Structure formats: C-alpha cells, structure tokens
Amino acid sequence: MQDRLKKIYFALLAPAVLGFVVIYLLRSLHGLQWFTDPVVAFVAPTIFILAVIFAVAGPIFYRSLFAHRWQHYLSVPPLALFRFERNQTLIAMVTPYLALVAYFMELPRFHLAGTFLLALYAVYYYYPSTLRISVEQRIFKAAEAKPLNKIIYEYRQR
C-alpha cells in the first residue's frame, strides 16, 4: 500500500515542482509581469483561503467523514483505508498547485508566503511514510471489517 501511495504522491507533486522551476526560469530570463494589480488584489485572498481549505480543513473534514462511516465497525478493510489515504492525498496535493498559481501571479507577500507555507505543510504532512501509514492502520485497525452489531448478534446466537 505504501509504495502505491508514494507513486501517487510523487506523480501529483512532480508537475507542481516542475512548474515552479519553469516559472522561475521565465522570470529570470524575461522579468515579465503578467497580471495587473486589481486582478491580483481580487484573487490573492481567494487563493489563500482555498489553500487553507485544501491543506488543512479539507483533509480534516474528509478524515472525520471516514471515521464516522466506519464508527460501528471493529476494523476497516485495507482497501478502504488505501482509498481513504489516496483521496486524502489528492485533496492535500491541490495546495502545491495553488502555491504555483500564487507564485505565477506574483501575489502580495503575505498571501504568497501563506500559500507557500500551507503547500509545504501539505507536502510534508501527507507524505506516505512508513510510520504514518502504520499509525493509520493501527488507529483504524485495518483488517477484515465486521460491524459491531453483527458481532454482538452472532455472540447472542451461540
């Protein structure tokens, strides 16, 4: 599971990193400013708020929905845990692209720095490390799932 999650993670992250390199090279060679100040002033808070949503609020909300869905089970099937981890990574990896847009549009320093820090947080926190995956497996007891009421019913039938 960890290897597949790492492939997904790096496949999502590589284009954003490449985009930063390309924009940096274009700026250093040409020094162009593509957007006007009124457009940037309107878009800057929106991109920052979206970065907060995708880096922090979205994954937390998705995790709570997942936990709520599996609350009456003693364990979670490994495939369901993999899908949860994949979707949570997909949600969080939107943030580097928002940072790329912020860098491309040359947002004001506050919004650019905030968006960039949120992107770093998302990239760091949602990296599918061995420790993180094992903790998630322990928390959700990734094994064959059986609802608690079904276990109680089977116990009473004996």
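The values are calculated or read from the model by the stated rules, or taken from the named source; none is laboratory data. Just so it is clear, the model here is predicted, and its values are computed rather than measured. We place every Cβ from the backbone using ideal geometry, glycine too, and count neighbours over all the protein chains shown.
For residue 116, work out the one condition from (1) over 22 Å from residue 26 (Cα atoms); (2) in contact with a helix residue (DSSP H, G or I) (Cβ under 6 Å, 6 or more places away or on another chain); (3) among the hydrophobic types (A, V, I, L, M, F, W, C) it doesn't fulfil.
(1)
Return the total of residues in the range 93-136 being surrounded by fewer than 15 Cβ atoms within 10 Å (Cβ to Cβ) and not in a loop (DSSP other than H, G, I, E, B).
11
I'm trying to understand the selection: among the residues of the range 1-10, which are over 13 Å from the mean Cα position of the chain (by Cα) and without any contact (Cβ under 8 Å) to a residue 60 or more places away in the chain?
Within the range 1-10, 3, 7 meet the criteria.
Applying the selection to the range 85-101, what residues are touching a residue at least 40 places away in the same chain (Cβ under 8 Å) and of a type in the set (A, V, I, L, M, F, W, C)? Before you say what the answer is, go through the steps one by one.
Step one: list which residues in the range 85-101 are touching a residue at least 40 places away in the same chain (Cβ under 8 Å), which gives 85-86, 89-90, 93-101.
90, 93, 94, 98, 99, 100, 101 - these are the residues of the range 85-101 that are touching a residue at least 40 places away in the same chain (Cβ under 8 Å) and of a type in the set (A, V, I, L, M, F, W, C).
Looking only at the range 60-73, which residues are under 10 Å from residue 140 (Cβ atoms) and touching a strand residue (DSSP E or B) at 6+ places or on another chain (Cβ under 9 Å)?
Hits for the range 60-73 are 66, 70, 73.
Evaluate the following for residue 64: is it at pLDDT 90 or above, loosely packed, with under 11 Cβ neighbours inside 10 Å and not hydrophobic (A, V, I, L, M, F, W, C)?
Values: at pLDDT 90 or above: yes; loosely packed, with under 11 Cβ neighbours inside 10 Å: yes; not hydrophobic (A, V, I, L, M, F, W, C): yes.
So residue 64 fits the description; yes.
Inside the range 42-66, can you point out the residues that are touching a residue at least 60 places away in the same chain (Cβ under 8 Å) and not aromatic (Phe, Trp, Tyr)?
Listed by number, the residues that qualify are 43, 44, 45, 47, 51, 52, 55, 56, 59.
Going through the range 36-90 one residue at a time, which ones are among the hydroxyl-bearing types (Ser, Thr, Tyr) and either outside any helix (DSSP H, G or I) or touching a Leu at 6+ places or on another chain (Cβ under 8 Å) (or both)?
Keep residues of the range 36-90 that are among the hydroxyl-bearing types (Ser, Thr, Tyr), which gives 36, 46, 62, 64, 73, 75, 89.
Answer for the range 36-90, where residues must be among the hydroxyl-bearing types (Ser, Thr, Tyr) and either outside any helix (DSSP H, G or I) or touching a Leu at 6+ places or on another chain (Cβ under 8 Å) (or both): 36, 73, 75, 89.
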